[in-house]
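Undergrad: The structure follows.
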Amino acid sequence: MPGLRDRAPVYLDCDTGIDDALTLAYLVAVGADVVGVGSVSGNVSAELGARNTLDVLALAGRDDLPVAVGAHDPLLGRFHGGALGVHGTNGIGDVVLPRSPADPTAESAAAMLSRLAREHAGRLHVLAVGPLTNLALALDADPDLASLVGGVTIMGGAALVPGNVTAVAEANIFNDVVAAARVLDAPWPVTVVGLDVTMEARFEERHLEALLAGPPVARALGAMLRTYFRFYSPVLGRPACALHDPLAAAVALGALTPTLAPVVPIEVDTTDGPGRGQTIVDLRSRYIGYPPLPGTRHRVVLDVPAGFGDTLAEALLGL
Ligand code: RIB
Ligand code: CA
């Protein structure tokens, strides 16, 4: 498909979750070259996330893709039990999918990432749409990892808008702040796709209806989305949901070009106070023409073209 960034091989790290499920289906639909998928605890446990990932991939016709179970607990502390009120008790809107014949790989997600970075040296793109524990573990175990990876895109953080877990913190960052700080400190180029743009990229009722009336894969995704809509509609004030992870995928693939994405320093607040999990994005250079500030490496997406809901629905209806 035109627009995909040179069809770079992609490692996806996810906590499947309804918007993660949409992302898996989207990556398959657009023909992305996904070479491995790792799970991490977030929306659900890493173990359930891997099972959901396998089952969604099988639904989309890709039961051949390797899926590795990743970290159950964050680097510090314990897994909190998930976001079942948002994603349903099984993480995919209480929809029961046919069980994929495939099982998770024997290697861990961190080991898979490290191996794939070597196999595709300089080309692998890491797309992380859950807490960043696996990426941090891989960085710690493999000092060369950052230089081997071509680029990293994360769905996480909030630059100029409120958080969705605390006043300032977004879930993927908050659920493992130590890992997030480690990943953003590492010497690799990171594109951050946060709530500034993902809360504005939406499915509306018409998209849901189109999916529910579509072919079987779209119908199953539509059934999951009913749960997501139940959570998001009161938040958004209309029948709709946010498209966090699929938007990050579209940016990672180069299928969607941000209209505003300055390269600026970012710091993660790892203190225990009310700022814990905040992504502190230093945007001073936008206003007073500083030369690049020390630590400037990360591209923070602040605006994208409208209409991603249409693009995503069209892709999913094609499966
Ligand atoms: O804050 C939204 C993010 O948290 C998304 O990745 C969602 O799937 C959850 O992981
Ligand atoms: Ca996610």
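Every number in this text was worked out from the coordinates using simple rules, so none of it is lab data. These numbers were taken from a predicted model, which means no experiment stands behind them. Positions of Cβ are generated from backbone atoms using ideal geometry, with glycine treated the same way; all protein chains shown enter the neighbour counts.
Undergrad: Taking springs between alpha-carbon atoms closer than 10 angstrom, which of P239, P101, P258 fluctuates most in the Gaussian network model of the chain?
TA: Ranking P239, P101, P258 by mean-square fluctuation puts P101 first.
Undergrad: Next question. Can you figure out the FRET efficiency of R284 with R99, using R₀ = 51 Å and their beta-carbon distance, to the nearest 0.05? Kindly include the intermediate steps, with their values, before the conclusion.
TA: Values: r = 52 Å, r/R0 = 1.02.
After rounding, the FRET efficiency stands at 0.45.
Undergrad: Shifting gears a bit: Provide the per-residue ³J(HN,Hα) series for segment 258-273, in order, calculated from phi with Karplus coefficients 6.51, -1.76, 1.60 and θ = phi - 60°, each as a whole number of Hz, with x at glycine and proline positions.
TA: In residue order, the calculated couplings are x, 8, 8, 8, x, 9, 9, x, 10, 10, 9, 7, 10, 6, 8, x Hz.
Undergrad: Starting from the Cα-Cα distance between A167 and H80, subtract it from 0.36 nm times their residue separation and give me the gain in nm to one decimal. Kindly include the intermediate steps, with their values, before the conclusion.
TA: Values: separation 87, 0.36 × 87 = 31.32 nm, distance 1.86 nm.
Stretched out fully, the A167 to H80 stretch lengthens by 29.5 nm.
Undergrad: Using helices alone, what [θ] at 222 nm do you get for the chain, with -39,500 (n - 2.57) per DSSP H run of 4 or more residues, divided over all residues and rounded to the nearest 500? All intermediate terms of the calculation are to be shown ahead of the outcome.
TA: On the way: 14 runs with 125 residues, N = 319.
Using -39500 (n - 2.57) per qualifying helix, the result is -11000 deg cm²/dmol.
Undergrad: Show the residues, 5+ positions off or on another chain, whose built amide H is closer than 5 Å to the amide H of D13.
TA: Those qualifying (amide H under 5 Å, at least 5 residues apart or on another chain) are G38, L127, A128, V129.
Undergrad: Between L260 and D33, what is 0.36 nm times their sequence separation minus the Cα-Cα distance? Round to one decimal in nm.
TA: On the way: separation 227, 0.36 × 227 = 81.72 nm, distance 2.65 nm.
Full extension from L260 to D33 adds 79.1 nm.
Undergrad: In addition: Can you give the relative contact order of segment 29-86 as a percent, counting alpha carbon pairs under 8 Å and 6+ residues apart?
TA: Working: 76 pairs, mean separation 25.3, N = 58.
The normalised contact order for segment 29-86 reaches 44 percent.
Undergrad: Going by how many other Cβ atoms sit within 10 Å of their own, how do V28, V193, V126 line up, fewest first? Before the final figure, lay out the partial values.
TA: Numbers: V28 21, V193 30, V126 26.
Arranged by neighbour count, lowest to highest, V28, V193, V126 become V28, V126, V193.
Undergrad: What translational D, rounded to a whole number of µm²/s, comes out for the chain from Stokes-Einstein when the hydrodynamic radius is the Kirkwood one over Cα pairs, at 37 °C and 0.692 mPa s? Walk me through the numbers before you get to the answer.
TA: Numbers: Rh = 19.2 Å.
Using the Kirkwood radius from Cα pairs, D works out to 171 µm²/s.
Undergrad: Which distance in nm do the two modelled labels at V235 and T296 give, with both placed 7 Å along the Cα-to-Cβ direction?
TA: For the pair V235/T296, the computed spacing is 3.3 nm.
Undergrad: What distance in nm separates the two pseudo spin-label positions at E204 and R226, each 7 Å out from Cα along the beta-carbon direction?
TA: Placing both labels 7 Å along Cα→Cβ, they lie 2.3 nm apart.
Undergrad: Using packing as a proxy for protection, rank 218-224, 60-66 so that the peptide with the highest average count of other Cβ atoms within 10 Å comes first. Write out the running numbers ahead of the final one.
TA: Working: 218-224: 22.4, 60-66: 15.7.
Ranked from most to least packed, the peptides come out as 218-224, 60-66.
Undergrad: How high is the relative contact order of segment 96-170, in percent, with contacts defined as C-alpha pairs under 8 Å that are six or more residues apart?
TA: Numbers: 70 pairs, mean separation 21.5, N = 75.
Here the relative contact order equals 29 percent.
Undergrad: Which of L184, L135, L84 moves most in a GNM of the chain, Cα contacts under 10 Å?
TA: Result for the chain, Cα springs under 10 Å: L84 fluctuates most.
Undergrad: Ok, one more. Using label points projected 7 Å from each Cα along Cα→Cβ, tell me how many nm separate E314 and D63, to one decimal.
TA: With each label placed 7 Å out from Cα toward Cβ, I get 3.2 nm.
Undergrad: Specify the residue with the greatest mean-square fluctuation among P294, P162, P187, computed from a Gaussian network of the chain linking alpha-carbon atoms under 10 Å apart.
TA: Residue with maximal mean-square fluctuation among P294, P162, P187: P294.
Undergrad: Where Lys and Arg each count +1 and Asp and Glu each count -1, what net charge lies around V263 among other residues with Cβ under 10 Å from its Cβ?
TA: Numbers: positive: R297, R299; negative: none.
Local net charge: +2.
Undergrad: Which whole-number percent gives the relative contact order of the chain, counting Cα pairs below 8 Å spaced six or more residues apart?
TA: Numbers: 755 pairs, mean separation 63.0, N = 319.
About 20 percent, as a whole number.
Undergrad: How many percent of Cα pairs in segment 55-103 exceed 14 Å?
TA: So the pairs more than 14 Å apart make up 65 percent of the total in segment 55-103.
Undergrad: Measuring from centroid to centroid over Cα atoms, what is the spacing of segment 152-201 and segment 28-107 in Å?
TA: When both Cα centres are located, 20 Å separates them.
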